[in-house]
Each structure stands twice: as C-alpha cells, then as structure tokens.
Amino acid sequence: MESLSAKPAADTDRTAAFADMFAALGAEPRLRILRALLAAHPDGMVVGEIQAELGIAASTLSHHLEKLKNEDLVTVRRESTFLRYAANTAALQELLGFLYAECCTRNKAIKPARITQICK
C-alpha cells in the first residue's frame, strides 16, 4: 500500500529539474548572463556581444552558457559562424510558476499581491 505522504514520481522529477535550474542560476556569472539575455529578449545575443557586455573570458563564458543550456534556461541557434543565445522564457515562466504556487497559493507564505507589485 502506498503511503499518503509519498509524492508521485512526476512531482519528484519536476522538483529535481527545478532544483537543477536554481543550482545553475546560483553562480553569479550565470545570473548576469541570464539578465543580459532577458534585457536583449526576444532577439538574444551572440557570444561576442555577451562577452563584451559582461567582460567574461571566452572559455569561462562557454562553460557558463553550456550549463544554462543544459538546464534549459537558454536556447541557442547558429547564425552562420555565430551562436546566438536567448533566454528560454517558457522555462523561466515554469520556474517562476513553481515558486509562485509554493509560496503564494498553496501555503500563502507570501501574499500574491506583493509578488505582482514587485513586477510592475
């Protein structure tokens, strides 16, 4: 018989995916990269533009972009010889929705109006 406190596997997998996304955002350079890409939304930026704006060494930038891509926080497309990165707003919306549901709707730890007020 299944325990009443047992979480369905899908919930556990989803929570683990969100934890990985938060871990990726936990590094200051990656958060700076994502902020720059959000500012450039929807066009995104080529690697050279990100490097010039943030002053991150090419090899380090490549590592951080790969981590963000692996966690589905950014998308990448090839344009001739350049790689153009963009914030994956669908994944970010899902991540924010997860936080919102946990803190503002299910257990009301934070009043929803306070969150929407921040966003204005």
Looking only at region 81-102, and only at residues there that are of a type in the set (A, V, I, L, M, F, W, C) and part of a helix (DSSP H, G or I), the one that is modelled with the lowest pLDDT: 101
Residue 48 vs. criteria at positive phi and at pLDDT 90 or above: no
Sole exception among (1) over 22 Å from residue 79 (Cα atoms); (2) in contact with a Pro (Cβ under 8 Å, 6 or more places away or on another chain); (3) of a type outside the set (A, V, I, L, M) for residue 26, by number: (2)
Region 54-98, residues that are of a type in the set (Asp, Glu) and under 11 Å from the mean Cα position of the chain (by Cα): 71, 72, 94
Qualifying positions in region 63-80 - modelled with pLDDT under 95 and either of a type in the set (Ser, Thr, Tyr) or assigned to a loop (DSSP other than H, G, I, E, B) (or both): 80
Pair list, Cβ under 7 Å, 6 or more apart: region 13-41 residue among the acidic types (Asp, Glu), other residue surrounded by 15 or more Cβ atoms within 10 Å (Cβ to Cβ) and outside any helix (DSSP H, G or I): 20/71
Positions within region 4-37 being basic (Lys, Arg) and modelled with pLDDT under 95, in sequence order: 7, 14
Selection from region 51-81 of residues that are surrounded by 12 or more Cβ atoms within 10 Å (Cβ to Cβ) and in contact with a Gly (Cβ under 9 Å, 6 or more places away or on another chain): 74, 75, 76
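The values are calculated or read from the model by the stated rules, or taken from the named source; none is laboratory data. From a predicted model like this one, the values you see are computed outputs, not experimental measurements. Cβ: placed from backbone, ideal geometry, glycine included. Neighbour counts: every protein chain shown.
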